[in-house]
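Visitor: One structure coming up, written as structure tokens, with questions to follow.
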Amino acid sequence: MASIIDFQDICKNFKVPLRAKGKFSTLKNFFFRKHKTIKALKHVSFQVEEGDIVGYIGPNGAGKSTTIKIMSGILNPTTGSCTIDGFVPWQDRKKFVRSIGVVFGQRSQLWWDVPVMDSFELLRDIYKIPQQEFENTLNLLNEALGLEELLNRPLRQLSLGQKMKCELAGSLLHRPKILFLDEPTIGLDAVTKLAVRDFIKFINKQWHTTIILTTHDMSDIEALTNQIILIGKGQILYKGSFDEIKNKYSSTKIISIEFAQEYDEISLDGYQTISHERKFATIKNLPDKEFHIKDFVNQISKKYEVIDFQVDMISVDEILAQLYKEYGLVER
Amino acid sequence: MRPYLSIFKMNFKGELQYRGKAISGVMTQVFWGFLNIYLYIACLQNTSVDGFSISQMASYIWLGQAFFAIRFIMMGKKIGKNIENGNICYHFVRPLNIYSQWFCQTFGEKLSSVLLRFPPIIILGLLLPAGLGLSLPVSVPAFLLFLIGLILGLCMSVTISMFAVYLTFKTLSKRGSSSIVNTITGLFSGMVIPLPLMPQAIQNVVNYLPFRFITDLPFRIYIGNVGITEGAIFLAIGFAWLIVLIIIGKLLIRSALKKTVIQGG
Amino acid sequence: MLYAKYLKMHLRSSMQYRFNTTFISITQVLVSVGEVLSVWMLFGTFTSIGGYGFYECLLLMGITFAVFSLSECFACGYDEFSDLIRSGDFDRILIRPVNINYQILASKFDLVKLPRVALGLTISIIALVNLNIEWDVLKVLVFISTIISGTMIVIGIFIISAGISIYTIEQLEFVNILTHGSKEIAYYPINIYAKWLTRIFTFVIPVACFNYLPLSFLLGIGNIPMWLCGLAPVFGMLFIIPCLLFFNFSLKKYKSSGS
């Protein structure tokens, strides 16, 4: 069976004005302006199977939004080919967009001043959804998200979390086969975040909806999927299982130590100091050295007087930070 | 004084960044200039007006286009928007006088857009043949008086802009407030039709209103329609108006601030 | 109909700010009154401008108010197209299964312009009554088609400027020559201006089709054949076709450059 999303060798270039710096730069920019080409996407290829949830992650400016815009037909790629649900997104626009739903985490598709229900009814007409189907879908979304009380209030009166719930419902009214979520949990409180995640899982199960999710919140990924695509500087760096990456880095332990007195320097064979202040220090084992508690205790008790220590697993965020660093994506 | 100077500088520089806007602004002004000149040539062909020949009229129009930024009443770009959306509260937490703060902001934006736009239009005007282009000033003293008049005009324009800010405060509608103030100013400042082309009875009133000091007076001194002595007297009246309007503006803004309910909490 | 639904939403939304809507509507009318006053003052000094009298100019001003306000109200999406791009709402339009031009038209209605339409029509009728025109069916038809044609031409101009704003957001003030320039020049009979200006606004941007050409027909004056003057509004309507073609062409550029 063919993949529902097939992204082949996509490149995307942008032209941006170049700003001169230094003395008289304002004047210089006024009279001369140069352009440079930015390669936002460099030969990006990947496939997504129907019914999958895929986390699309990468640092800011890596090309995530550009990819989503190409997949939703807003932008054309410079070169490369792409089929989504049997369509080429930038051809046959009207037919294609019926099979996708998009939520941009920081923008809204609903009307600011009118009750949410009115916006939904307008969407019903835009997508020509039969009344019966519309009601069924709405009931289902209602139950899953608890929208009942929100529908008769104007959007501007809703909290950020309530707005996001309505946005999600709005982009699912026409039951798209594929849903693009661009940072759906940004700025939400813990409870709402969990509710949104549960809902995404629910929809994926219920309708077999394929979901592409971009986020900076790694706990979203942990909760929702094991499949990730890591992009950086316009290139795909890693495709595959998230667990694999976690395993690769889980051998790293973070050890917090409290000493009995102040030391100028902490040096242990095979360990690296992360931070050190007065009687407290945090260290980690180097990648090539496996952590053994016996060896660690031996080493440290020989050289220093220790009151207490604690060993932790490396967190998901730290794994990501390390990945970015490894691929040279961290700006210094 | 320092903080106000910085506010001025920020807005002055900010405006300089928009190259495309300035170039297209100049082109628009040139087009407008031709449109107006041909219209008034059609008017003046059959009936002549004393002290306002076709070539004087053309000079008046080109000066008006060159210094359009002075004549157009605009509040600082962000002020009106911030009042509408409530972000104005950031201005309140600064240890500065609100009126002066906004005055400097508007002044900075205005001055930089004047400086960017007037040279090309003046040069073009001077290159065009007499009757269609800009003539030289009638005398050196007239030219000096014209320069003083321009400074007065710049201040007057900013001062009147502050009334648009006040109205925005009262109505929370930047768009409505600017268009009211611009309509009144446009009509009585000689921007829509040059004051010398108005019926005499109306001129007798309009000449003493503050609006004509924005640019009408300096332009008429430049083309010799108003003499040196008369011009100097009018300039004095203009400065008096300026002081009165600044005081009224300050009082209004202060009273508005006391009662204000900021949008969105 | 979807368009009506959009219109209803806009109405409900602007009713939330009743004071603001009313206030801006009133100022819009005041602006127009100011413009009428300026013409009236000119005719206080001069008896005729380029051979035309006060009521001829008033008629053209009324027509201009009406056609521009109609366009600004119903084709606001094109007029303020750069806002649509900047806010990201245009991206939203691209992912909806409805025709793009249809959605742009429905994306915004500037309802505050409607009182100005009424003012424009009132002024036109006052002028027509004072002009001593011998009315017949043909002249009524020409007047009505002038209003329709004018609106279509102005919408065409908005569409072009929307297309241009895809290439350059900064040069917007230049686009003003097209939009506001056409308005400004249409207040007076455009054949009083220099020949080159008259030609541009007859053959490139057909402002003449709702300006001096139908005016000549109604008054029965001028040396252009009457049938041509009478049919001018119909020719003017065709202007919108190349405008739409240009816009659709620019759209391709948007998709390849982002913004």
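Visitor: As a check on your grasp of the helix formula, calculate [θ] at 222 nm for the protein assembly as shown: sum -39500 (n - 2.57) over DSSP H runs of n ≥ 4, divide by the residue count, round to the nearest 500.
Guide: Counting only the DSSP helices, I get -19000 deg cm²/dmol.
Visitor: Please give the contour-minus-distance gain from A:Asp9 to A:Lys39: 0.36 nm per residue of separation, less the Cα-Cα distance, rounded to one decimal in nm. Each step should come with its number before you reach the end.
Guide: Numbers: separation 30, 0.36 × 30 = 10.80 nm, distance 1.34 nm.
Result for the pair: 9.5 nm of gain on full extension.
Visitor: Label-point separation (nm) for B:Leu251 and A:Lys325, each offset 7 Å from Cα along Cα-to-Cβ?
Guide: 6.6 nm
Visitor: While we're on this one: Relative to the longest principal axis of the C-alpha atoms of chain B, give the angle of the C-alpha long axis of helix B:98-127, reported between 0 and 90° and rounded to the nearest 10°.
Guide: Rounded to the nearest ten degrees, it is 20.
Visitor: For Cα pairs less than 8 Å apart in space and 6+ apart in sequence, what is the mean separation divided by the residue count of chain B, i.e. the relative contact order in percent?
Guide: For chain B, the relative contact order is 27 percent.
Visitor: With springs only between Cα atoms under 10 Å, which of C:Val67, C:Val39, C:Val117 fluctuates most in a Gaussian network model of chain C?
Guide: C:Val39
Visitor: Can you list the aspartates and glutamates whose alpha carbon sits under 18 Å from that of C:Lys255, skipping same-chain ones fewer than 8 residues off?
Guide: A:Asp92, C:Asp83, C:Asp89, C:Asp91
Visitor: Keeping all protein chains in the complex and leaving out DNA, RNA and ligands, what accessible area do you get for A:Lys289 with a 1.4 Å probe, in Å² to the nearest 10?
Guide: Roll a 1.4 Å probe over it and A:Lys289 shows about 50 Å².
Visitor: Report the relative contact order of chain C, percent, no decimals, based on alpha-carbon pairs under 8 angstrom and at least 6 residues apart. Walk me through the numbers before you get to the answer.
Guide: Details: 300 pairs, mean separation 60.7, N = 259.
Result for chain C is 23 percent.
Visitor: Pull out the extension gain between A:Asn139 and A:Thr78, defined as 0.36 nm times the separation in residues minus the alpha carbon to alpha carbon distance; nm, one decimal.
Guide: The A:Asn139-A:Thr78 span can extend by a further 17.7 nm.
Visitor: Turning to a different aspect of this structure: With no solvent and one point on each alpha carbon, what is the Debye value of log10 I(q)/I(0) for segment C:1-73 at q = 0.11, 0.17, 0.24, 0.26 Å⁻¹?
Guide: With one equal scatterer per Cα and no solvent, log10 I(q)/I(0) is -0.45, -0.78, -1.11, -1.18.
Visitor: Continuing with the same structure: Relative contact order for chain A using alpha-carbon pairs under 8 Å, separation at least 6, rounded to a whole percent?
Guide: For chain A, the relative contact order is 18 percent.
Visitor: Restricting to the protein assembly as shown, what percent of DSSP beta bridges are antiparallel, rounded to 5? Write down the numbers at each step before the final one.
Guide: Numbers: 43 of 61 bridges.
Of the beta bridges lying entirely in the protein assembly as shown, close to 70 percent run antiparallel.
Visitor: In Å² (nearest 100), what accessible area is buried between C and B, both sides summed, heavy protein atoms only, 1.4 Å probe? Walk me through the numbers on the way to the answer.
Guide: Working: alone 13660 and 13060 Å², together 23370 Å².
About 3400 Å² of accessible surface is lost on pairing.
Visitor: Then there is this: Could you list, in their original order, any pairs among A:Lys69/A:Lys165; A:Lys12/B:Lys13; A:Lys177/A:Lys248; A:Lys201/A:Lys248 whose Cα atoms are separated by more than 32 Å?
Guide: Those over the limit are A:Lys12/B:Lys13; A:Lys177/A:Lys248.
Visitor: Related question: Figure the gain on full extension for B:Leu115 and B:Leu209 (residue separation times 0.36 nm, minus the Cα-Cα span) and round it to one decimal in nm.
Guide: Contour length minus Cα-Cα distance gives 31.2 nm.
Visitor: Sticking with this one: Using the alpha-carbon atoms, what tilt in degrees (0 to 90, nearest 10) does helix C:2-15 show relative to the longest principal axis of chain C?
Guide: With both axes taken from Cα atoms, the answer is about 90 degrees.
Visitor: Here is a follow-up. Pull up the cross-link candidates among the lysines for C:Lys195, meaning alpha carbon to alpha carbon under 19 Å and not fewer than 8 places away within one chain.
Guide: Excluding near neighbours in sequence, the set is C:Lys183.
Visitor: Set the Förster distance to 25 Å, then compute FRET efficiency between A:Leu286 and A:Asp243 from the Cβ-Cβ distance, nearest 0.05.
Guide: On the way: r = 23 Å, r/R0 = 0.92.
Approximately 0.60, to the nearest 0.05.
Visitor: Can you give the FRET efficiency to the nearest 0.05 for A:Asn60 and A:Gln235, using r as the Cβ-Cβ distance and R₀ = 25 Å?
Guide: The calculated FRET efficiency here is 0.95.
Visitor: What does the net charge come to around A:Phe309 if you take all other residues with beta carbon closer than 13 Å to its beta carbon, with K and R at +1 and D and E at -1? Don't skip to the end; give the middle numbers.
Guide: On the way: positive: A:Lys253, A:Lys279, A:Lys284; negative: A:Glu258, A:Glu305, A:Asp308, A:Asp312.
Neighbour charge sum, excluding A:Phe309 itself: -1.
Visitor: Heavy atoms only, 1.4 Å probe, whole protein assembly: order A:Asp125, A:Asp243 by accessible area, highest first.
Guide: On the way: A:Asp125 35, A:Asp243 70 Å².
Largest to smallest exposure gives the sequence A:Asp243, A:Asp125.
Visitor: Please compute the modelled spin-label separation between A:Lys94 and C:Val140, points set 7 Å along Cα→Cβ, answer in nm with one decimal.
Guide: Label-label distance for C:Val140 and A:Lys94, simple model: 3.8 nm.
Visitor: Evaluate E = 1/(1 + (r/R0)^6) for C:Ala194 and B:Thr47, where r is the Cβ-Cβ distance and R0 equals 22 Å; express this FRET efficiency to the nearest 0.05.
Guide: Efficiency, from the Cβ-Cβ distance: 0.65.
Visitor: Sticking with this one: What number comes out for accessible area per residue over the protein assembly as shown if the probe is 1.4 Å? Units Å², please. Intermediate results must be reported in sequence, preceding the final value.
Guide: Values: 38550 Å² over 856 residues.
Averaged over the residues of the protein assembly as shown, the accessible area is 45 Å².
Visitor: Next up: Accessible area of B:Asp50, 1.4 Å probe, to the nearest 10 Å²?
Guide: Here the residue's solvent-accessible area equals roughly 150 Å².
Visitor: Viscosity 1.002 mPa s, temperature 20 °C: Stokes-Einstein D of the protein assembly as shown from its Kirkwood Cα radius, in µm² per second? Display every interim value, and only then the final one.
Guide: Numbers: Rh = 31.6 Å.
D = 68 µm²/s.
Visitor: Express the carbon and sulfur contribution to the solvent-accessible surface of segment C:2-257 as a percent, rounded to the nearest whole number, probe 1.4 angstrom.
Guide: On segment C:2-257, the fraction of accessible area on carbon and sulfur atoms equals 69 percent.
Visitor: How large a share of the accessible area of segment A:60-124, in percent, is made up of carbon and sulfur atoms when the probe is 1.4 Å and the other protein chains stay in place?
Guide: The computed percentage sits at 46.
Visitor: Just tell me which lysines come within less than 27 Å, Cα to Cα, of A:Lys253; anything on the same chain fewer than 8 places away is out.
Guide: Straight-distance partners of A:Lys253: A:Lys239, A:Lys279, A:Lys284, A:Lys289, A:Lys294, A:Lys302, A:Lys303, A:Lys325.
Visitor: Once amide H atoms are placed 1.01 Å from N in the peptide plane, what residues at a sequence separation of 5 or more from A:Leu41, or on another chain, have their amide H within under 5 Å of its amide H?
Guide: Hits under the 5 Å cutoff: A:Lys12.
Visitor: With a 1.4 Å probe and all protein chains in place, put A:Ser72, A:Ser275, A:Ser241, B:Ser48 in order of accessible area, largest first.
Guide: Of A:Ser72, A:Ser275, A:Ser241, B:Ser48, the descending order of accessible area is B:Ser48, A:Ser275, A:Ser241, A:Ser72.
Visitor: A further question follows. With θ taken as phi - 60° and the coefficients 6.51, -1.76 and 1.60, list the Karplus ³J(HN,Hα) couplings across segment B:208-225 in order, rounded to whole Hz; mark glycine and proline as x.
Guide: 9, 7, x, 4, 6, 6, 4, 9, 4, 4, x, 5, 6, 5, 4, 8, x, 6
Visitor: Using a cut-off of 11 Å between beta-carbons, work out the net charge of the residues near C:Ile166 (Lys and Arg +1, Asp and Glu -1, C:Ile166 not included). Let's see the in-between values first.
Guide: Details: positive: C:Lys252, C:Lys253, C:Lys255; negative: none.
Once all neighbours under 11 Å are counted, the net charge is +3.
Visitor: I'd like the orientation of helix B:19-44 relative to chain B: the angle between its Cα long axis and the longest Cα principal axis, in ° from 0 to 90, rounded to 10.
Guide: Taking the Cα atoms of chain B, the angle to B:19-44 is about 40 degrees.
Visitor: Summing both sides, how much accessible area is buried between A and C? Use a 1.4 Å probe and give Å² to the nearest 100.
Guide: Buried surface at the A/C interface: approximately 2800 Å².
The values are calculated or read from the model by the stated rules, or taken from the named source; none is laboratory data. Bear in mind that the values here come from a model prediction, so they are computed numbers and not experimental data. Every residue, glycine as well, gets a Cβ built from its backbone with ideal geometry; the counts of neighbours run over all protein chains shown. Just the protein is used for accessible areas: all its heavy atoms, side chains included, with ligands, DNA and RNA removed. Shrake-Rupley method; radii C 1.70, N 1.55, O 1.52, S 1.80 Å.
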